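Undergrad: Here you go, one structure.
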Amino acid sequence: MLRYPSLRAPLDILFFLACIALTADVLVPEIFGHGKTKDYPLWYWAGQQVLQGKDLYPADPRTYFDFIYPPLPAVLLAAPSYFGKIALYLALCLLNIIAWWMSAQLSHAMAGSGRKPGWLLEALPGLVTLTFVFDMFDLGQPNLILLAMMLYGFWLLRLKRPWFAGSMFALATAIKVFPVAVLPYLIWRRHWTAVASTLVFLAVFLFVLPAPFRGFQHNVTELKTWYQGMVGSSSEKGFGQRDEQNWSWVNQSIIAMTHRLTRPVNYNQDDPFKAKPARYMNVVDLDFRTSNLIVLAISLALGLGYIAVMPSASRRTEKSDAEEIGILFCLMTVASPLARQYYFLWLFFPMTVLMHRAAYDPRPAVRTGTWILLALAGCLLLLSLPLFPIDVQAYGNNLVATIVLAAGLVWHMQHPPAAAGALPAAEAELELADNSAHSQGIQ
C-alpha cells in the first residue's frame, strides 16, 4: 500500500504544490526579506555552536536556555548549518515534506481496514490537519518528522523488524523526549527486542554519536546540564526552562490543564518577555503538591483504563492493533508535559483510523456515528483558530478533541463488526511481510 508520489496523480500534484508553497513560506523571507523568524535562527545557532566547538547551554542550569533540546539535534543540525542558513532551512523543509508524505502513507497502510482508500479519503487526513502542518514549516518544529519516525517504527514492528523499530523510537526520543512514552506500551505488549533496541539506541544517540563531534566528557557534561535545567527544574512557578508560560493557555497537556483548574496560575502569560494582565480559571485553590497528586491519579487512571480496554493477545486483529496504537498516540500527545497547538498534529493517525472506520465499517449506523464523532473533534480543533478567544484553548479544546477521538477508538475496539473478516494480528503481519515489495523503497 505504500507508494512514491507521482506527477501523473492529480492528488499528488496538489501535494507538490502545497509543499512548494510551504517551503516558500520559509525561504522567501530569508532570501528576499529580513530573514526567517520563529525557531529557524535558533537551529542555525545550535548547528554553528557544534561546528565551532562552543557550549549549547549555560554553565548554570538555573539560568535561561536558548536551546532546550538534548545535544543530538544540534549535532544533526551542524552538517547543513555548515553551508549556511538557506541550506539548513531547505534541508529542514525537505525533511518535513518527506515526513508529511510518509506519515500519510503509513497511516493509511496501518489503519486496519484492509482497503486502499479512494482519493478523497486519502486526502482527508492531510486536509483537516493542514494548519498543524503549516505550523511545522512556519515554526521549524520537528513534530511532523517525529510522527513519521514513530509510525515507521510501528510499521517495522509489524514487519517483524524490532531492532530497526527500536532505533526509530530511540531517535525520536533523543530529539524530543516525549516519544519515550512508547516504552510502557512496548513492555506491556512484550515487544522485548524492541524495548532492548530502544534503550540501546537511545544510549548510542545520547552518548556515543555526539562524542566524536563534542568530545565524550563535554557531551556528558552538557547532557547533565540539559537534564538539570529541563527535567529537574519543575516547581510551582513552572518547568522546563519556560516557567509560567508552560502553565499558560498555549499548553493543553494533562499536567498544565490540571494545574490551571486546581491552582491560581496565570494562564495569560505565554511570553516571558512581554507582561500581560493576569487571568485565572481555577475552580478550586490547591497547593502545588496536591495538584501534582491529582495529575498522577489522572495519569494512572488513564494508563489502567488503556490496559483494560486493550484486547488480549488471542483477540488482537489488524483493526484492533490500529485502534490500539491510535489511542496510544492520543495519550502520548496529551501526556507530554508540554502540548502546544502543533503537538496535536499527532492526531493525524488516530483520525485516519477513524476515517477508515467511517468509510468502510459494514454497519451504516456506525459509519454515520463515526463521521459525527470526527466532525465533533474537528469543530473542537477549529476553536484554536485566531478567530476565537484564547480562553477556549485555556479550557482545553484540543485536549477535549483528543478525548473524543480516543473514545471513538475505544468504542470501535470494543465493538468490532460481527463479521469483520479481520485477520488475526499474526496473520496480518505475515500478509504485510508478503506484500512488502510494495514498499521496498520505503523500508
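Undergrad: Can you tell me which of (1) in contact with a Ser or Thr (Cβ under 9 Å, 6 or more places away or on another chain); (2) surrounded by fewer than 16 Cβ atoms within 10 Å (Cβ to Cβ); (3) under 26 Å from Thr129 (Cβ atoms) is the one Asp60 doesn't meet?
TA: Exception for Asp60: condition (3).
Undergrad: Can you tell me how many residues in region 171-201 are over 17 Å from the mean Cα position of the chain (by Cα), under 17 Å from Leu223 (Cα atoms) and either among the charged types (D, E, K, R) or buried (at least 21 other Cβ atoms within 10 Å of the Cβ) (or both)?
TA: Residues in region 171-201 being over 17 Å from the mean Cα position of the chain (by Cα), under 17 Å from Leu223 (Cα atoms) and either among the charged types (D, E, K, R) or buried (at least 21 other Cβ atoms within 10 Å of the Cβ) (or both): 1 in total.
Undergrad: Could you tell me which numbered condition Ala79 fails, if it satisfies all but one of (1) outside any helix (DSSP H, G or I); (2) within 30 Å of Lys224 (Cβ to Cβ)?
TA: (1)
Undergrad: Across region 202-242, which residue is surrounded by the most Cβ atoms within 10 Å (Cβ to Cβ) among those that are in a helix (DSSP H, G or I) and of a type in the set (Gly, Ala, Ser)?
TA: Here is the first cut: in region 202-242, the ones in a helix (DSSP H, G or I) are 202-208, 211-214, 216-230.
Still in the running and of a type in the set (Gly, Ala, Ser): 203, 211, 229.
Values: Ala203: 13, Ala211: 16, Gly229: 20.
The qualifying residue surrounded by the most Cβ atoms within 10 Å (Cβ to Cβ) is Gly229.
Undergrad: Against the conditions (1) within 30 Å of Asp361 (Cα to Cα); (2) touching a Gly at 6+ places or on another chain (Cβ under 8 Å); (3) surrounded by fewer than 21 Cβ atoms within 10 Å (Cβ to Cβ), where does Gly118 fall short? Just the number, please.
TA: Of the numbered conditions (1) within 30 Å of Asp361 (Cα to Cα); (2) touching a Gly at 6+ places or on another chain (Cβ under 8 Å); (3) surrounded by fewer than 21 Cβ atoms within 10 Å (Cβ to Cβ), the odd one out for Gly118 is (2).
Undergrad: Let me ask another. Any residue at all in region 58-69 that's within 13 Å of Pro210 (Cβ to Cβ) and in contact (Cβ under 8 Å) with a residue 40 or more places away in the chain?
TA: Our first condition is that a residue be within 13 Å of Pro210 (Cβ to Cβ); within region 58-69, this holds for 69.
Imposing the further condition that a residue be in contact (Cβ under 8 Å) with a residue 40 or more places away in the chain reduces the set to 69.
Yes, region 58-69 has at least one match.
Undergrad: A follow-up question, please. Inspect region 92-101 for any residue being of a type in the set (Gly, Ala, Ser), under 30 Å from Lys319 (Cβ atoms), touching a Leu at 6+ places or on another chain (Cβ under 9 Å) and modelled with pLDDT of 95 or more and give the result as yes or no.
TA: Taking region 92-101 and keeping what is of a type in the set (Gly, Ala, Ser), we get 99.
Then keep just the ones that are under 30 Å from Lys319 (Cβ atoms); that gives 99.
Restricting the remaining residues to those that are touching a Leu at 6+ places or on another chain (Cβ under 9 Å) gives 99.
From the residues that got through so far, the ones that are modelled with pLDDT of 95 or more too are 99.
Yes, the conditions are met somewhere in region 92-101.
Undergrad: For region 9-48, which positions are small (Gly, Ala, Ser), assigned to a helix (DSSP H, G or I) and surrounded by 13 or more Cβ atoms within 10 Å (Cβ to Cβ)?
TA: Narrowing region 9-48 to residues small (Gly, Ala, Ser): 9, 18, 21, 24, 33, 35, 46-47.
Now narrow it down to the ones that are assigned to a helix (DSSP H, G or I): 18, 21, 24, 46-47.
Within region 9-48, Ala18, Ala24, Ala46, Gly47 qualify.
Undergrad: Among the residues of region 260-277, write down those that are part of a loop (DSSP other than H, G, I, E, B), at pLDDT 90 or above and of a type in the set (A, V, I, L, M).
TA: Val265
Undergrad: Could you grab me the full set of residues in region 259-312 that are closer than 30 Å to Gln414 by Cβ and either more than 28 Å from the chain's Cα centre (by Cα) or not aliphatic (A, V, I, L, M) (or both)?
TA: Ser299, Gly303, Gly305, Tyr306, Pro311, Ser312
Per-residue answers, yes or no, for (1) of a type in the set (A, V, I, L, M, F, W, C); (2) out of contact with any His (no Cβ under 9 Å at 6 or more places or on another chain); (3) within 20 Å of Trp249 (Cα to Cα):
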site	(1), (2), (3)
Lys274	no, yes, yes
Asn292	no, no, yes
Gly305	no, yes, no
Ala308	yes, yes, no
Leu345	yes, yes, yes
Leu354	yes, no, no
Thr368	no, yes, no
Trp371	yes, yes, no
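Undergrad: Additional query: With Leu151, Leu157, Leu144, Leu120 as the choices, which residue is out of contact with any strand residue (DSSP E or B) (no Cβ under 6 Å at 6 or more places or on another chain), closer than 21 Å to Ala74 by Cα and part of a helix (DSSP H, G or I)? It would help to see each step written out before you state the result.
TA: On the way: Leu151 fails: closer than 21 Å to Ala74 by Cα; Leu157 fails: closer than 21 Å to Ala74 by Cα; Leu120 fails: closer than 21 Å to Ala74 by Cα.
Just a single option satisfies the conditions, and that option is Leu144.
Undergrad: Taking the residues in region 10-34 that are over 24 Å from the mean Cα position of the chain (by Cα) and in contact (Cβ under 8 Å) with a residue 40 or more places away in the chain as candidates, determine which candidate is farthest from Asp135 (Cα to Cα).
TA: Pro10
Undergrad: Another one. Could you identify the single residue in Ile86, Ile97 that is over 24 Å from Met168 (Cβ atoms) and either among the β-branched types (Val, Ile, Thr) or crowded, with 22+ Cβ neighbours inside 10 Å (or both)? Before the answer, list the steps.
TA: On the way: Ile97 fails: over 24 Å from Met168 (Cβ atoms).
None of the other options fit; the residue is Ile86.
Undergrad: Specify the residue that is farthest from Arg279 (Cα to Cα); the eligible residues are those in region 335-394 that are under 21 Å from the mean Cα position of the chain (by Cα) and not in a helix (DSSP H, G or I).
TA: Checked region 335-394; the qualifying residue farthest from Arg279 (Cα to Cα) is Ser336.
Undergrad: Here's another thing I want to ask about it. Against the definition (in contact with an Asp or Glu (Cβ under 6 Å, 6 or more places away or on another chain) and either closer than 30 Å to Pro264 by Cα or surrounded by fewer than 20 Cβ atoms within 10 Å (Cβ to Cβ) (or both)), how does Lys160 come out, yes or no? Can you show your working first?
TA: Values: in contact with an Asp or Glu (Cβ under 6 Å, 6 or more places away or on another chain): no; either closer than 30 Å to Pro264 by Cα or surrounded by fewer than 20 Cβ atoms within 10 Å (Cβ to Cβ) (or both): yes.
So Lys160 does not fit the description; no.
Undergrad: Can you run down the residue pairs with Cβ atoms below 9 Å, 6 or more apart or on separate chains, where the first is in region 238-251 and farther than 15 Å from Tyr280 by Cα and among the polar types (S, T, N, Q) and the partner is in a loop (DSSP other than H, G, I, E, B) and modelled with pLDDT under 75?
TA: Once the first residue is farther than 15 Å from Tyr280 by Cα and among the polar types (S, T, N, Q) and sits in region 238-251, its partners that are in a loop (DSSP other than H, G, I, E, B) and modelled with pLDDT under 75 give Gln241/Ser233.
Undergrad: Then there is this: Checking the condition of a type in the set (Phe, Trp, Tyr), farther than 13 Å from Tyr395 by Cα and in contact (Cβ under 8 Å) with a residue 24 or more places away in the chain, which residue from Phe288, Phe273 passes?
TA: Numbers: Phe273 fails: in contact (Cβ under 8 Å) with a residue 24 or more places away in the chain.
Result: Phe288 is the single residue among Phe288, Phe273 that is of a type in the set (Phe, Trp, Tyr), farther than 13 Å from Tyr395 by Cα and in contact (Cβ under 8 Å) with a residue 24 or more places away in the chain.
The values are calculated or read from the model by the stated rules, or taken from the named source; none is laboratory data. Since the structure is predicted, the reported quantities are computational estimates derived from the model, not experimental observations. So basically every Cβ, Gly included, is an ideal-geometry build from the backbone, and we count neighbours across all protein chains shown.
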